[in-house]
Ligand code: HEM
């Protein structure tokens, strides 16, 4: 317990933990996106003579999800992700409380002129994403991976995305994620301070492009399924 408390003690340590757990989540999100893009690949992409057991999008997605559950190294990475996400949230709460306290003190002057609205509202964006993740995991992860009440993940995902409220929820969650990443990726690299200034200038654009790309690609999955 003392070790855990010690980890969060200084603000530099807190920022570094935030950066490492955030960047690990970005890594997960890229892999997660690639897997879920199968949902919008046309069936004609799966010629039976090439993919021996896979004839269409449905088979391919279920083969991918079967692999996720039965390949043990993936389970280890998943547990690192759950713990990382929990630490990211706890750390964010600690930083927010500390900032609130600091803003209560008169001598702290806040300069908003050089920052974007989304970089000043990372806590609100993070809360929306947190609510989204809880509902999202309840819809798929809980039913398929934990309870085992659903066996055809493809049918479950496609059926879920046909509902209007789900589409709206996903678009809100994914747009919030895009803005959160637009600031988060750059901020994480800045906190870790591992690159020279010249690379950081490039990183600004790489982070922004990655955030936009992820939001667009994640967003078109429920949109295409809903309208097809
Ligand atoms: C819109 C496209 C998305 C689809 C179709 C999708 C689908 C799924 C499915 C089917 C699962 C359960 C099976 C599995 O563990 O992989 C899952 C798990 C999960 N998803 Fe998503 N997801 C999407 C977007 C997102 C986004 C935007 C986030 C984060 C903000 C996210 C975070 C997670 C997490 C943390 C898990 C649990 C991971 C695990 O246990 O391995 N997903 N998703």
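The values are calculated or read from the model by the stated rules, or taken from the named source; none is laboratory data. Everything numeric in this text was worked out from a predicted model, so none of it was measured. Positions of Cβ are generated from backbone atoms using ideal geometry, with glycine treated the same way; all protein chains shown enter the neighbour counts.
It is to be established whether one or more residues within the stretch 68-89 are assigned to a helix (DSSP H, G or I), modelled with pLDDT under 90, exposed (fewer than 11 other Cβ atoms within 10 Å of the Cβ) and within 16 Å of the ligand (Cβ to nearest atom).
Residues of the stretch 68-89 that are assigned to a helix (DSSP H, G or I), as a first pass: 68-70, 72-89.
Then keep just the ones that are modelled with pLDDT under 90; that gives 68-70.
Retained after the next criterion (residues that are exposed (fewer than 11 other Cβ atoms within 10 Å of the Cβ)): 70.
Remaining after also requiring within 16 Å of the ligand (Cβ to nearest atom): 70.
Yes, the stretch 68-89 contains at least one residue that is assigned to a helix (DSSP H, G or I), modelled with pLDDT under 90, exposed (fewer than 11 other Cβ atoms within 10 Å of the Cβ) and within 16 Å of the ligand (Cβ to nearest atom).
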Legend entry - Members of the stretch 90-104 that are touching a helix residue (DSSP H, G or I) at 6+ places or on another chain (Cβ under 8 Å) and more than 16 Å from the ligand (Cβ to nearest atom): 91, 94, 95, 96, 98
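Yes or no, residue by residue, for (1) modelled with pLDDT of 95 or more; (2) within 21 Å of residue 89 (Cα to Cα):
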| position | (1), (2) |
| --- | --- |
| 117 | no, yes |
| 123 | no, yes |
| 137 | yes, yes |
| 154 | yes, no |
| 175 | yes, yes |
| 180 | yes, yes |
| 187 | no, yes |
| 193 | no, no |
Inset, instruction - Have a look at 188, 211 and point out the one that is more than 17 Å from residue 33 (Cα to Cα) and crowded, with 21+ Cβ neighbours inside 10 Å. - result: 188
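What helices (runs of 4 or more DSSP H), lying completely within the stretch 120-192, carry at least 2 residues that are away from the ligand (no atom under 12 Å from the Cβ)? Even if it seems obvious, please write down each step before you answer.
Values: elements: 122-136, 153-161, 164-192.
The helices (runs of 4 or more DSSP H) meeting that bar are 122-136, 164-192.
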Inset, instruction - Just one of (1) modelled with pLDDT of 95 or more; (2) crowded, with 18+ Cβ neighbours inside 10 Å trips up residue 131, so point out which. - result: (2)
